[in-house]
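Here's the structure we're looking at; comments come further down.
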Amino acid sequence: MTSPSITTLAPAPAAAAKPAAIVPTGKTACVVGSGFGGLALAMRLQSAGIATTVIEGRDKPGGRAYFWEKDGFTFDGGPTVVTDPPCLKQLWELSGHDMADDVELMPVMPFYRLNWPDGVNFDYSNDEAGLMAEIDRVAPGDAAGYREFLTYSAGVHDEGYVKLGTVPFLDFKSMIKAAPALAKYQAWRSVYSIVSKYIKSEKLREALSFHTLLVGGNPMKTSAVYALIHKLEKDGGVWWTRGGTNRLIAGMIRHFERLGGRMIVGDPVVQVHTVGNRVTEVETKSGFRERFDAVASNADIMHSYRDLLSGSKRGKDYSKKLARKTYSPGLFVVHFGLEGTWPGIPHHMILFGPRYKGLLDDIYDKGVLPQDFSIYLHHPTVTDPSMAPPGKSTFYALVPVAHMGKLTVDWDEIGPILEKRILDEVGRRLIPDIHDRIVTKFHYAPADFSTDLNAHLGSAFSLEPVLTQSAWFRGHNRDDLIPNFYLTGAGTHPGAGIPGVVGSAKATAGLMIADLAGTGT
């Protein structure tokens, strides 16, 4: 079945590019889940002539990039930071099309405004003169150290992202080959440790290390390889999709269907059937059942093995191994629409709390709900007023919290309390009469991630991105024992974030296309 929600996401603009001929291979594939990783994989497979079906369990596509429309406001579930646009544009170029026909990207400047409790602001961007002026103002004496850090970030970007970001790690030998480069950049150290090597100011250390939180990593533990994010943003900028991140999902689906791909929405997969060591059929809740030559899962990695492959020995065995791994934290997100506009509040803000390391310890190690928090504040209407009715503004305030395996609270009870505390803090620091201006609001907790997205422990970013769970140590793009079952998305290499999951799709597509053509290994 094809959900009517697909055709109502946005009107299709007239195509301007001459398409390349798609040569059917006679092979079929199914992608379970329509997050960025799943759709990017489906677009690659369909462009290669493999008849591809995407099956999405929710009523709308997008995975974590879900959206809600309430009282005239559009609320994106996330992610909201688009970096490395070329990795997305390539998905259209494969078939001779132009992404601009379906998606409009808008630059965001500054990338982020960082704010501390003492009232200090730091505008973070790739405007070289502006950034150096900010460093001189907030962290005098650290300009030279920053330039050294930038050199480090550029080097680890080339090794970790350009060379290895779309390469599947299928055996330990591949890890051994990558070891010299990882050792050169001291990958065993944390991002915060590497930043501290070059930077003296605690504020600037926080400014240059917080990015790992956007992919589920603790700056105090996540491999220094993730310092590449700074270079990624510096070179490619930070972007917003006009109409919301959901418009990027809509554009991807529009192009996938243009190429002949099939979408099934609102019908969750309940079983991926196997015979021997191969997957054979996919079955959904409605009773739909179809045979495919290959199946890839963009679903949560634990859900993929424990539930979807529950009928196989491999599913049972590997899910036990996955249960012993560590997972990224959950998120608590307050979506709210306000009366009025705030041109002085930028698109992205980080409102740091009074603690940095201590707060991270509470979230990642102790599993407690602290009294203080840091807030990621998203204000899309300052860039794109279409996200709210005229004269109104759309926001969300996000705080990391421990996942449900560590923080066992009743979110129905705690949610409203935490929601008020977060809105109170935003009000105290930015919008004094925030409660009087609220038109609509709701929150989204780890329990919702678990229920809606089958996220193990309510984790927002799947496996924690530490060195011992990266590359070969992460879920493999092709299963070791079921050679026509594949993974894409945050649980596999290289990890979470739009560039990460789109990179995983490229790595997985290369394997699937070669395997289905009979040229794979």
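The values are calculated or read from the model by the stated rules, or taken from the named source; none is laboratory data. It should be emphasised that the depicted structure is a prediction, and the values quoted were computed from it without experimental measurement. Every residue, glycine as well, gets a Cβ built from its backbone with ideal geometry; the counts of neighbours run over all protein chains shown.
Observations
- For the stretch 42-71, the set of residues classified as assigned to a strand (DSSP E or B), under 18 Å from the mean Cα position of the chain (by Cα) and closer than 18 Å to residue 501 by Cα consists of 56 only.
- Residue list for the stretch 165-191, restricted to those being over 14 Å from residue 223 (Cα atoms) and part of a helix (DSSP H, G or I): 172, 173, 174, 175, 176, 177, 178, 180
- Restricting 327, 305 to those that are surrounded by 22 or more Cβ atoms within 10 Å (Cβ to Cβ), free of Cβ contacts under 8 Å to residues at least 40 places away in the same chain and under 24 Å from the mean Cα position of the chain (by Cα) reduces the list to 305.
- Matching residues, the stretch 507-520, being surrounded by fewer than 24 Cβ atoms within 10 Å (Cβ to Cβ), of a type outside the set (A, V, I, L, M) and touching a residue at least 12 places away in the same chain (Cβ under 8 Å): 510, 515
- Residue in the stretch 498-516 that is part of a loop (DSSP other than H, G, I, E, B), over 30 Å from residue 70 (Cα atoms), charged (D, E, K, R) and outside the structural domain of residue 335 (by TED's automatic domain parsing) present: no
- Sole exception among (1) closer than 30 Å to residue 294 by Cα; (2) in contact (Cβ under 8 Å) with a residue 12 or more places away in the chain for residue 438, by number: (1)
- Subset of the stretch 346-370 [assigned to a loop (DSSP other than H, G, I, E, B) and either among the aromatic types (Phe, Trp, Tyr) or surrounded by fewer than 22 Cβ atoms within 10 Å (Cβ to Cβ) (or both)]: 346, 352, 353, 354, 355, 356, 367, 368, 369, 370
- Test: residue in the stretch 8-19 that is part of a loop (DSSP other than H, G, I, E, B), at pLDDT 95 or above and outside the structural domain of residue 166 (by TED's automatic domain parsing): no
- Qualifying residues in the stretch 504-521 (those that are at pLDDT 95 or above and not aliphatic (A, V, I, L, M)) - the one nearest to the chain's Cα centre (by Cα): 504
- Residues of the stretch 383-421 that turn out to be among the β-branched types (Val, Ile, Thr), under 30 Å from residue 105 (Cα atoms) and surrounded by fewer than 19 Cβ atoms within 10 Å (Cβ to Cβ), as a count: 1
- The set of residues in the stretch 220-235 being touching a Lys or Arg at 6+ places or on another chain (Cβ under 9 Å) and surrounded by 24 or more Cβ atoms within 10 Å (Cβ to Cβ) consists of 223, 224.
- For the stretch 437-453, the count of residues that are of a type outside the set (Asp, Glu), closer than 21 Å to residue 375 by Cα, in contact with a Phe, Trp or Tyr (Cβ under 7 Å, 6 or more places away or on another chain) and not assigned by TED's automatic domain parsing to the domain that holds residue 393 is zero.
- Residue within the stretch 146-164 that is in the same structural domain as residue 229 (by TED's automatic domain parsing), assigned to a loop (DSSP other than H, G, I, E, B) and either over 23 Å from residue 226 (Cβ atoms) or in contact (Cβ under 8 Å) with a residue 40 or more places away in the chain (or both) present: yes
- The number of residues in the stretch 260-302 being out of contact with any strand residue (DSSP E or B) (no Cβ under 8 Å at 6 or more places or on another chain) and surrounded by 21 or more Cβ atoms within 10 Å (Cβ to Cβ) comes to 2.
- Selection of the stretch 371-395 for residues being assigned to a loop (DSSP other than H, G, I, E, B) and either more than 22 Å from the chain's Cα centre (by Cα) or among the hydroxyl-bearing types (Ser, Thr, Tyr) (or both) yields 371, 372, 374, 383, 388, 389, 390, 391.
- Test: residue in the stretch 313-322 that is closer than 22 Å to residue 78 by Cα, within 21 Å of the chain's Cα centre (by Cα) and either touching a residue at least 40 places away in the same chain (Cβ under 8 Å) or in the same structural domain as residue 45 (by TED's automatic domain parsing) (or both): no
- Filter result for residue 243 (surrounded by fewer than 24 Cβ atoms within 10 Å (Cβ to Cβ) and either without any contact (Cβ under 8 Å) to a residue 60 or more places away in the chain or more than 15 Å from residue 161 (Cβ to Cβ) (or both)): yes
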